[in-house]
Each structure stands twice: as C-alpha cells, then as structure tokens.
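The block underneath contains the structure these notes are about, expressed in structure tokens.
The values are calculated or read from the model by the stated rules, or taken from the named source; none is laboratory data. Note that the structure is a prediction, hence the values are computed from the model and not measured. Cβ placement follows ideal geometry from the backbone for every residue including glycine, while neighbour counts extend to all protein chains displayed. Ligands, DNA and RNA are excluded from the accessible area calculation, which covers all protein heavy atoms including side chains. Shrake-Rupley method; radii C 1.70, N 1.55, O 1.52, S 1.80 Å.
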Amino acid sequence: MKRTLMLAGPNAMHATPDSSDAQPAFELRFPSLRGTGRALSFPCDADGEVQMDRLSARALNNYLLARALTGREYGWPSVHASCQADG
C-alpha cells in the first residue's frame, strides 16, 4: 500500500517507494515553537520527501502529529544534512 501525503510549501513532502537501502543523508526537522528539546526530525531525501512506509509506528505517529500541528506546536519543517556517523 502506498501512502501519499502532500504539504504545500517550499518543502512539499510525500512518500514514495524506493529500492535504495542506503542510509538517508538528510533529515526533515520540525522545530518546536514551545521550547527547546522538543523538535522532531525524520529521515528524508534532499527534497524533503519522507518515506512514511519505512518509519516505525511511533515515528509515523510523530511525523503526522508534527505535520498536523505545524504553525501551532511546531515550526515550518526544513531539510538538513544528517549527522549520522558512517558505520
């Protein structure tokens, strides 16, 4: 099942299947508007596309919550280079 959600704006996001198993080099960050330490981030590609089918159930719920509360609890998301260390 393919799930597609669109968010209008400069970083439009939608999930699409990908055959690549490589670690994402980017993350989509939703900054908290209520305080430090409450920001959420999710693996994405350079265009801000999050593969929702690859998220855990908890991460998917957090992702959908951040999108629903953008402008109220979370700021507009932005794409950043991931700081994961190579294994």
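Of the trypsin sites (Lys or Arg not before Pro) found in region 36-87, the ones in coil according to DSSP and having at most 11 other Cβ atoms within 10 Å of their Cβ are ARG72. A 1.4 Å probe, protein heavy atoms only, puts the accessible area of LEU64 near 70 Å².
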